[in-house]
């Protein structure tokens, strides 16, 4: 909750909480951390959001550690709480793959599990009160600290582009270059007349190309948009008087749990669907 809003305007408070800790090469200051959105913008494309990187890697490491502990404690007898929890998640991901993925690929199951748990953990950080960690970071000299990696479009685009590269890779591997090219060039419009079919190729390439490129973009922006909006609402609530904050933040947090889980599920399912389509022959 907001405790220092009296020293900031409302717009300044919002901008501070939405600013990433950006590290890069500034034209005047050289290699440095940006102090404000203007400096971050001047650092250009190759600047790194240190907070997004830190929290996403930390949560990924926590996921690996948790499931490793679950595997080490696995027993054929009466399972413990951690083993039950891990088995439920593994069975859920495995069931989702079996119902949706129609090819044969040992990568899809682990990939689906990783996406579901990792995205869920990153989304879950949105339930941490908005001032707690940024205030602690400020106290130790760190000017900005965004703790929800999925509110950073760079993170969601990075994950979706990884899925996109897998789509291209398996499309070429399963269908071959000619098969993949034919899938893009010879549908949805076709004809038995070869001359007409040839005339349809530019139109088909345009339509299918847009559809192909839209997959990673929509995958990234859907997750980013929902979590960014949720975080913004928490920040706006934190600007209200203390007693009003709790009246609004608790119901919104309860509702937001649904968004957190649903967006992780959607990202996982769309990844499975897209890779299933990549494995199907035309």
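Details
- Nearest-ten-degree value, helix 194-238 long axis tilted from longest Cα axis of the chain: 20 degrees
- Ranked by the mean number of other Cβ atoms within 10 Å of their residues, highest first, the peptides 252-260, 202-210, 127-135 fall in the order 127-135, 252-260, 202-210.
- Beyond 28 Å, the tail of the calculated P(r) for the range 1-159 holds 39 percent of the Cα pairs.
- Long-range Cα-Cα pairs in the chain (distance over 24 Å), rounded percent: 61 percent
- Cα convex hull, the range 153-282: 114 Å³ per residue, rounded to a whole number.
- What the Cα atoms of the range 52-132 give is an Rg and a Dmax of 14.8, 47 Å.
- Each of the peptides 266-275, 173-182 was scored by the mean count of other Cβ atoms within 10 Å over its residues; in descending order, highest first, they stand as 266-275, 173-182.
- Cβ crowding within 10 Å averaged over residues, with 71-81, 158-168 ranked highest first: 158-168, 71-81
- Volume per residue of the C-alpha convex hull in the range 104-199, rounded to whole Å³: 162 Å³
- If you plug the beta carbon distance of residue 213 and residue 18 into 1/(1 + (r/R0)^6) with R0 = 30 Å, you get a FRET efficiency near 0.60.
- Using the rule -39500 (n - 2.57) for each DSSP H run of four or more residues, divided by the residues of the chain, the 222 nm mean residue ellipticity is -24500 deg cm²/dmol.
Readers should treat all values here as calculations from the given coordinates under stated rules, not as data from a laboratory. Because the structure is predicted, anything quoted here is derived from the model rather than measured. Note that each Cβ is placed from the backbone with ideal geometry, even for glycine, and that neighbours are counted across all protein chains shown.
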